[in-house]
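The structure under discussion appears below in the form of C-alpha cells.
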Amino acid sequence: MTNTEQSPESSTVNNSRKPVLAIMGEFSVGKSTLTNLLVGSDPLPVKVTATQLPPVWISYGDQEPFREDLEGNIHPVDLGKIDEIPLEQTSVIRLFLKADILEMCDFIDMPGISDPNMSSDVWQRVIHNADGVLWCTHATQAWRQSEAAVWKAMPHDLFSKSYLLITRIDKLLTLKDRGRVEKRVRRETQGLFAEVFPISLTQAVAATDDREQWEQSGAEAFSLSLIDLLQKLNESLEPPETPNLRKPVAADESQEPQKIFQLNPKANDEQPCQVAVSPARVKVVSSAGTQTARPPRHARQPLTTETNLANVRDV
C-alpha cells in the first residue's frame, strides 16, 4: 500500500459529525487558557508556545496524537518533541482527550492571526473545517483594526455562529472602564458575532468551587450560552460525506506505520439530551436518565457551572 492509498483502519475525519469550533485571535490574548479551561487540562507541554505550532485540533478519545501533512498523510507525533514538528509541512496536529465537552464538539486551537513569524496560510488552510469561532480579544486593546480586517474577510456565514470574548477584563480596574470598552466593542462588532462576552479566564480558573467568583469572572454566562450554541450547531449539521482516508506514514523507514483508529464513535442522535454545564465537565444525560460512559472522576457535588482547573498557562 502506498502512502496515498486509502486505509479502512484510519481516518482524520469524524465518523459522526460534531460541531467544530475554532479558537482564534491575536497572539497572547488567552486562546490557550480558554482551550485549557474548556477541556479541563493542558493538552500540550508547557514549554511549547503557540508560535511554534500549526493549528491543534482536539477531539474526544484516547487515540495517539498525530499530524496531518499538506498532502493529507498522517504521521505519529511525540508530544515530548512537538516543538520539532515541521510547520511548513504540517496542516494540523490532532490530539485526543477524554474531556466531557469534547463529546459535544471539537476545538481547533489556532496560532495567532498576526504573528509576523508565521504565514496566514497556516490557519487559513484549516479554517474551512470550523462551524463557528470563539474569537479572543485583549480587553486593554480590544478589537484592534488588524483583528477587524481579518474577521471581516472570513466567510460571512460564520458571523452568526461565533462569539467574541473580551479576555483579561480584570485588567480594566473600574466598572466604568469595563462598561466603556464593552459598549465600544459591541458597537463596532454589531452583526459580526452572535454575542460578546467580557471574561476573565484567570479568575474563572481560580474560582474552583467558588460560585460567586465563577459568575463574576463572566464564565457562567459564556458557558451556558456556549452549550446552547453547540446544540444549535449540532441540529443544523448535515450528514458527513464519506471521508477520503489515507494510510499513516511511518516516522522513518524502519518504523511500522502507526495505526490511527476511527475517531469519535457515533452517538445515538435520536435521544434528546439534557446538559449540565461546566468548562471541565459537560455531563450529557439521555432522555432515559442514563449518563454517557466516561472515565471515573473524583466525587464532588454537581453544580450548574463550575471549574476545577489548575496550572493553566496563558498564551
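For this structure, a couple of remarks:
- The residue that is surrounded by the most Cβ atoms within 10 Å (Cβ to Cβ), among those in region 12-39 that are at pLDDT 85 or above and in a loop (DSSP other than H, G, I, E, B), is VAL29.
- Criterion (free of Cβ contacts under 8 Å to residues at least 40 places away in the same chain, of a type in the set (Lys, Arg), within 30 Å of HIS128 (Cβ to Cβ) and surrounded by 11 or more Cβ atoms within 10 Å (Cβ to Cβ)) met by exactly one of ARG178, ARG186, ARG168: ARG186
- Positions within region 175-212 being touching a helix residue (DSSP H, G or I) at 6+ places or on another chain (Cβ under 9 Å) and polar (S, T, N, Q), in sequence order: THR189, SER200, THR202, GLN203, THR208
- For region 194-231, a residue qualifies if it is of a type in the set (Asp, Glu) and more than 17 Å from the chain's Cα centre (by Cα), and the qualifying residues are GLU195, ASP209, ASP210, GLU212, GLU215, GLU220.
- Count of region 87-128 residues, restricted to those that are in a strand (DSSP E or B) and of a type in the set (Ser, Thr, Tyr), is 2.
- Restricting region 65-86 to residues that are touching a Phe, Trp or Tyr at 6+ places or on another chain (Cβ under 8 Å) and not in a strand (DSSP E or B), the residue that is surrounded by the most Cβ atoms within 10 Å (Cβ to Cβ) is VAL77.
- Criterion violated by VAL122 - all others in (1) under 18 Å from the mean Cα position of the chain (by Cα); (2) exposed (fewer than 13 other Cβ atoms within 10 Å of the Cβ); (3) among the β-branched types (Val, Ile, Thr) satisfied: (2)
- Of the helices (runs of 4 or more DSSP H) lying entirely inside region 166-258, the ones with 1 or more residues being at pLDDT 95 or above, touching a Phe, Trp or Tyr at 6+ places or on another chain (Cβ under 6 Å) and of a type outside the set (Ser, Thr, Tyr) are found at 175-188, 219-236.
- Boolean, TRP135 is aromatic (Phe, Trp, Tyr), touching a Ser or Thr at 6+ places or on another chain (Cβ under 9 Å) and surrounded by 23 or more Cβ atoms within 10 Å (Cβ to Cβ): yes
- When region 129-165 is filtered for residues that are of a type outside the set (Val, Ile, Thr), without any contact (Cβ under 8 Å) to a residue 40 or more places away in the chain and assigned to a helix (DSSP H, G or I), the ones remaining, listed by number, are GLN141, GLN145, ALA149, HIS156, ASP157, LEU158, PHE159, SER160.
The values are calculated or read from the model by the stated rules, or taken from the named source; none is laboratory data. Just so it is clear, the model here is predicted, and its values are computed rather than measured. Glycine gets a Cβ as well: all are built from the backbone with ideal geometry, and neighbour counts include every protein chain shown.
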